[in-house]
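Written below as structure tokens is the structure these notes are about.
The values are calculated or read from the model by the stated rules, or taken from the named source; none is laboratory data. Note that this is a predicted model, so its numbers are computed, not measured. As a convention, Cβ positions derive from the backbone with ideal geometry for all residues, glycine included, and neighbour counts pool all protein chains shown. The area values use the complete protein model at the heavy-atom level, side chains included, leaving out ligands, DNA and RNA. Shrake-Rupley method; radii C 1.70, N 1.55, O 1.52, S 1.80 Å.
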Amino acid sequence: MMRIILFLITNLSVMILFGSILSLLGCWSSTTFELMKMAGIFGFGGAFISLLLSKSIALSAVNGLIISQASNDVEHLLLKIINVQAKKLDIVAPQLAIYDSIDMNAFATGARRNSALIAVSTGLLKNMNPESIEAVVAHEMNHIASGDMITMTLIQGVINTFVIFVSRSLAAMVFYWTSFINDQNDEQFDVRSSNYCDINNSMVYIIVSIILEVVFGMFASIIVFWFSRYREFYADAGAAKLVGCRNVIAALQELKHSYTLNTSNHITTLYINSIKKSILSDLFASHPSLDKRIEALQHGTYLNKSSYFFK
């Protein structure tokens, strides 16, 4: 609840700030409140709809099969690990799904920490020993226990709202001032006059707002990706507390050693796997490199800190 309140306050503060600036400039003051509502609805609406559908979308994307009862030793091991770790973390055991892929990967998703899903690839199950599998599951369990999915959604909602509101506000300013230049010889000109009320039908407004939303969206996504990378270190640290630092490091080293360029299934959100990228592309990477994650565990960088963003 605390994270929701803080993010809503942040979101509202951003919109009020820019709304006040627009009003002081005399631009679009009559429709600023309507834009604030629209940006908030679309910004958060899209993010939360995506979160609510995350489990079904993820399962469909990887063609995963939910395992409710074990039919073999591997499934029995996975269900046992999940139930044991769920008790330790004081959460409801998430659903387990297994999907067919040569990639050694796992991911967690779900709208709530007590109604989540962990999906594990067949490639990981075939190539990892039980201790490493336990470490991978512990990593994903810490994402769930920390509420990382809902926190990421709230951040994305704030970013979406910010991008929509600022982009359309600036597009409106461009529209009004270009209209002013065109009609500067008209002594009766007023930016609030009825001649300029139908802004949504203006090609200038539409084109400028689309361009700004794309540009601002790209830069704003850097914040989302930074937070995602930041949470990976804490998920590793939380996993180390559950199963031991050596086991987590060993699992990451196995992932590093066996990483394949096969990209048949891409559900990168909260994947344990990652690939080393260039400095520029690192800004848009959802995960830090495996080398950085191993180094952080070896140095104990996050081990003495709480793995929860809001405790």
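Figures for the structure shown
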| read-out | value |
| --- | --- |
| Ranked packing of 136-146, 88-98, most packed first, by mean Cβ within 10 Å | 136-146, 88-98 |
| Phe225 - accessible surface, heavy atoms, 1.4 Å probe, Å² rounded to 10 | 60 Å² |
| In Å², nearest 10: area of Thr109 left accessible to a 1.4 Å probe | 20 Å² |
| Carbon and sulfur %, accessible surface of segment 72-172 computed with the full protein complex present, 1.4 Å | 53 percent |
| With all protein chains modelled, accessible area of Trp177 [1.4 Å, Å²] | 110 Å² |
| Amide hydrogen neighbours beyond the local backbone of Ser146, cut-off 5 Å, H modeled | none |
| C-alpha center-to-center spacing [segment 201-218, segment 55-125] in angstrom | 41 Å |
| 5 angstrom amide H check on Ala97, placed H, neighbours 5+ away | Ile67, Ile118, Ala119, Val120 |
| Accessible area of segment 108-179 divided out per residue, in Å², using a probe of 1.4 angstrom | 27 Å² |
